[in-house]
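Written out below as structure tokens is the structure these notes cover.
The values are calculated or read from the model by the stated rules, or taken from the named source; none is laboratory data. Computed from a predicted structure; not experimentally measured. Reconstructed Cβ throughout: ideal geometry from the backbone, glycine too, with neighbour counts over all protein chains shown. Please note that ligands, DNA and RNA were not included when accessible areas were found on the heavy atoms of the full protein model with its side chains. Shrake-Rupley method; radii C 1.70, N 1.55, O 1.52, S 1.80 Å.
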Amino acid sequence: QVQLVESGGGLVQAGGSLRLSCAAPGIIFSVMNWYRQAPGKQREWVATITPDGVTNYADSVKGRFTISKDNAKNTLYLQMNSLKPEDTADYYCYDARRGAWGQGTQVTVSS
């Protein structure tokens, strides 16, 4: 079973930035995703990147978040700018090819 490990979460003020990382062996072949789950809410999709680098974003984060990857480092990233309190959630990476989730990293945005 492939193991995905997220990092980079933390506490940030509104308007600030964070970069999340997901260590994920073999991502070169996978459609990789970021999801998030806010307290008391369902998990929601945030962004996707395909093996050839095509990206797609939820409307709520479009223009503020950027998904990217480094195949050589087997690492997926989520650059989050202009953060808002409503971005507060646990963030998860997901490998759609292998159906694998990371353990999540917590992001808290204070107003």
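Arranged from highest to lowest average of other beta-carbon atoms within 10 Å per residue, in what order do the peptides 33-39, 61-67 appear? Could the numbers behind the result be given before it?
Values: 33-39: 18.1, 61-67: 16.6.
Highest to lowest by the protection proxy: 33-39, 61-67.
Please report the carbon-and-sulfur percent of the accessible area for the stretch 1-88; probe 1.4 Å, protein heavy atoms only, DNA, RNA and ligands left out.
Numbers: 2310 of 4680 Å².
The C+S portion of the solvent-accessible surface of the stretch 1-88 is 49 percent.
For the chain, what is one quarter of the convex hull surface built on the Cα atoms, given in nm²?
Details: hull surface 25.3 nm².
Approximately 6.3 nm², given one-decimal rounding.
Quick one: what do you get for the stretch 46-111 if you divide its Cα Rg by 2.2 N^0.38 Å?
Working: Rg = 12.5 Å, N = 66, 2.2 N^0.38 = 10.8 Å.
Taking N as the residue count of the stretch 46-111, the ratio is 1.15.
Which of the aspartates and glutamates could be linked to LYS73 by a straight reach, that is with a Cα gap under 19 Å, when you skip same-chain ones fewer than 8 residues away?
Cross-link targets: GLU6, ASP52, ASP95.
If you stretched the chain out fully between GLU86 and ASN74, how much longer would it get, using 0.36 nm times the residue separation minus the C-alpha to C-alpha distance?
On the way: separation 12, 0.36 × 12 = 4.32 nm, distance 2.95 nm.
In short, 1.4 nm is gained.
State, as an integer percentage, the relative contact order of the chain based on alpha-carbon contacts under 8 Å between residues 6 or more apart.
Details: 278 pairs, mean separation 42.3, N = 111.
It rounds to 38 percent for the chain.
Computed FRET efficiency, Cβ-Cβ of LYS62 and GLN13, R0 22 Å: what is it to the nearest 0.05? Could you put the intermediate results ahead of the total?
Working: r = 22 Å, r/R0 = 0.99.
Taking R0 as 22 Å, the efficiency between LYS62 and GLN13 is 0.50.
Among residues other than MET80 whose Cβ falls under 11 Å from its Cβ, what is the net charge (Lys/Arg +1, Asp/Glu -1)?
Details: positive: ARG19, ARG36, ARG64, LYS84; negative: ASP87.
Charge balance in the 11 Å sphere: +3.
When ranked by the protection proxy of mean other Cβ atoms within 10 Å per residue, highest first, what sequence do the peptides 72-78, 7-13 form? Intermediate values should be presented prior to the final figure.
Numbers: 72-78: 17.9, 7-13: 14.1.
The densest-packed peptide leads the list: 72-78, 7-13.
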